[in-house]
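Undergrad: Below are the structure tokens for one structure; questions will follow.
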Amino acid sequence: MNRYDEKHTRVAGRTFATQPPARGQAFARTWWGRSWLRALEDGALDNAAVAAGRRLARAGGVGAMTVRPGRVTAVVREPGGAAHRADVLLPELSEEEWARFLDVAVEQAGHMAALLDRELPPHLIEDATVSGIELLPRLGDLEPACDCGTWDHCGHTAALCHQVARLLDEDPFLLLLLRGREREVFLAELQGRGSASASLSETDARAAEGVDAAESWAAGDILPPLPELPGLPAVPGTPPCLGTGAAAAPGIDPVALEHLADRTAVEAYRLLAEALRGDVRDGSALTAAQDAVRLACAAPAGSVTDRLAEGSGRGREGLLTAVRAWHAGGAAALAVLDDAWPVRDAALARARVALEAAWEADEQPSFDRNGNRWTVPGEGVQLRLGPDGRWWPYRDGGGRWIPAGGPDRDPAAALTVARLDTGTEATPRVEHAEVKSLDSKEF
């Protein structure tokens with residue numbers, strides 16, 4: 001039994017499932033993970049073996065890994081199918097070295113706080129090194145052992161080292177396990193040392209709170225780069241169901257709260273889609289009345305719709321008309337629905353030019369003009385001119401003008417839409433929320 005196996009019979013290791021392929025990702029994001037890989041690169045005599053190991057690890061060739069004091073083991077499979085047991089050995093710390101390391105760790109509260117938060121503060125490693133304790137592997141510390149017969153690092157042990165770096169990123173306490181201490185044992189010893197050192201003065205105790213500023217500053221140039229922005233999910237997130245059967249708190253309507261969360265998820269999805277496309281719209285905030293219309297676009301029947309109708313100041317029928325306008329063009333369509341303005345001077349001249357260009361002289365319909373609202377007598381259809389020169393189609397819905405579609409630069413096309421829509425029902429129907437594709441108009 002060698003020097004590594006003596007303790008392995010007493011201390012259980014930890015086994016980790018096969019890691020997924022790491023194509024396009026860095027194997028180490030943390031500074032301690034990169035230090036582990038640096039020890040491999042500096043200690044290997046053959047750089048080609050390190051590169052081969054990196055390729056094997058990226059392809060997912062490293063099987064389940066077992067980490068225990070002084071050793072990490074895995075079966076590494078080559079692309080052709082050959083499998084080899086690979087081990088990487090690391091010297092364990094002595095009991096006296098562990099005692100000194102614990103003393104260093106409790107000297108500063110920032111060290112303890114970082115360790116308890118699963119981080120390795122760089123100043124702790126520096127302070128430990130000054131005390132003669134090497135926690136991170138140095139040149140020659142990572143000793144390879146592989147049944148392929150290579151006496152130095154081969155592609156199999158190099159692949160194993162790369163996967164260990166990924167594990168260390170997630171849990172630096174594995175480095176302590178490799179050096180001879182299980183996490184629970186180390187934390188218990190650390191807290192015990194911290195309690196024994198609690199005789200600080202009140203002033204010192206206040207000064208010890210938080211993380212040391214010098215440590216934070218030192219870590220600034222070793223932080224990993226920010227990850228790439230995630231892609232757009234397939235659908236907006238689904239809020240949790242609040243219908244637990246328990247009595248709601250006073251003043252809280254679970255149905256209304258669920259609806260608000262659902263529409264917030266849809267709006268966040270729209271904003272993210274625009275940001276990823278680089279197509280950011282005007283970010284001006286909606287008024288409460290406008291936002292009530294937006295929320296009503298997918299409101300469940302019942303109390304929620306009634307509350308939104310009241311909040312918008314439109315009443316139920318007026319809200320349904322406003323919802324139709326919102327689907328046609330968002331806040332801009334609401335402005336055309338609600339507001340009338342005079343068309344004069346240059347705007348009037350441009351409108352007349354557009355009308356003349358849209359029809360032959362003997363085919364142009366007659367209009368009764370009232371500001372920006374141009375009605376065709378006897379047909380129950382109307383065009384409304386928006387501030388940007390686009391024409392919005394409307395139809396008569398039983399005494400109430402109803403939006404018939406989106407805007408168009410061509411007044412003839414808009415009028416055709418209005419005429420085609422005269423056979424539809426007078427009142428639009430409000431349906432439950434449905435996720436629309438990015439090409440649909442979800443305002």
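Undergrad: Considering only protein heavy atoms and a 1.4 Å probe, what is the carbon-and-sulfur percentage of the accessible area of region 85-133?
TA: On the way: 980 of 2010 Å².
That fraction is 49 percent.
Undergrad: Order 156-167, 387-398 from most to least packed using the mean count of other Cβ atoms within 10 Å.
TA: Details: 156-167: 27.0, 387-398: 19.2.
Output ranking for 156-167, 387-398: 156-167, 387-398.
Undergrad: Something else now. Provide the three semi-axes, in whole Å and in decreasing order, of the ellipsoid equivalent to region 255-376 as defined by the square roots of 5 times the Cα gyration tensor eigenvalues.
TA: Numbers: eigenvalues 244, 77, 30 Å².
Equivalent ellipsoid of region 255-376: 35, 20, 12 Å, largest first.
Undergrad: Just by accessible area at a 1.4 angstrom probe, what is the order of 312, 303, 131 from largest to smallest? Can you show the working numbers first?
TA: Details: 312 15, 303 65, 131 45 Å².
Ranking 312, 303, 131 by accessible area, largest first, yields 303, 131, 312.
Undergrad: If packing is taken as the average count of other Cβ atoms within 10 Å, what order do 358-365, 42-49, 262-269 fall into, highest mean first?
TA: Working: 358-365: 10.9, 42-49: 14.8, 262-269: 17.4.
Put in order of decreasing packing, that is 262-269, 42-49, 358-365.
Undergrad: What FRET efficiency comes out for the pair residue 126/residue 275, r = Cβ-Cβ distance, R0 = 45 Å, nearest 0.05? Provide the component values of the computation, followed by the final result.
TA: On the way: r = 41 Å, r/R0 = 0.92.
The calculated FRET efficiency here is 0.65.
Undergrad: On to the next question. Rounded to whole Hz and in sequence order, give me ³J(HN,Hα) for region 139-148 from the Karplus expression 6.51 cos²θ - 1.76 cosθ + 1.60, θ = phi - 60°, writing x for Gly and Pro.
TA: Here the 3J(HN,Hα) series is 4, x, 6, 8, 8, x, 8, 9, 6, 6 Hz.
Undergrad: Per residue, how much accessible area does region 304-362 show when a 1.4 Å probe rolls over the protein heavy atoms, in square angstrom?
TA: Numbers: 3100 Å² over 59 residues.
Dividing the accessible area of region 304-362 by its residue count gives 53 Å².
Undergrad: Farthest toward the dipole's positive end in region 151-196, which of 151, 161, 191, given Cβ charges of +1 (Lys, Arg) and -1 (Asp, Glu) about the Cα centre?
TA: Ranked along the dipole, the leading option is 191.
Undergrad: Could I have the simple spin-label model distance between residue 260 and residue 376, label points 7 Å from Cα toward Cβ, reported in nm to one decimal?
TA: 4.5 nm
Undergrad: Quote the accessible area belonging to residue 153 in square angstrom, nearest 10, computed with a 1.4 Å probe and with ligands, DNA and RNA left uncounted.
TA: 10 Å²
Undergrad: Highest first, please rank the peptides 68-77, 374-383 by the mean number of other Cβ atoms sitting within 10 Å of their residues. Working shown, then result.
TA: On the way: 68-77: 21.9, 374-383: 18.0.
Highest to lowest by the protection proxy: 68-77, 374-383.
The values are calculated or read from the model by the stated rules, or taken from the named source; none is laboratory data. In this text, all values refer to a predicted model and were calculated from it rather than measured experimentally. Neighbour counts are summed over all protein chains in view; Cβ atoms, including those assigned to glycine, are modelled from backbone coordinates with ideal geometry. Note: accessible area is taken over every heavy atom of the protein model, side chains too, but ligands, DNA and RNA are not part of it. Shrake-Rupley method; radii C 1.70, N 1.55, O 1.52, S 1.80 Å.
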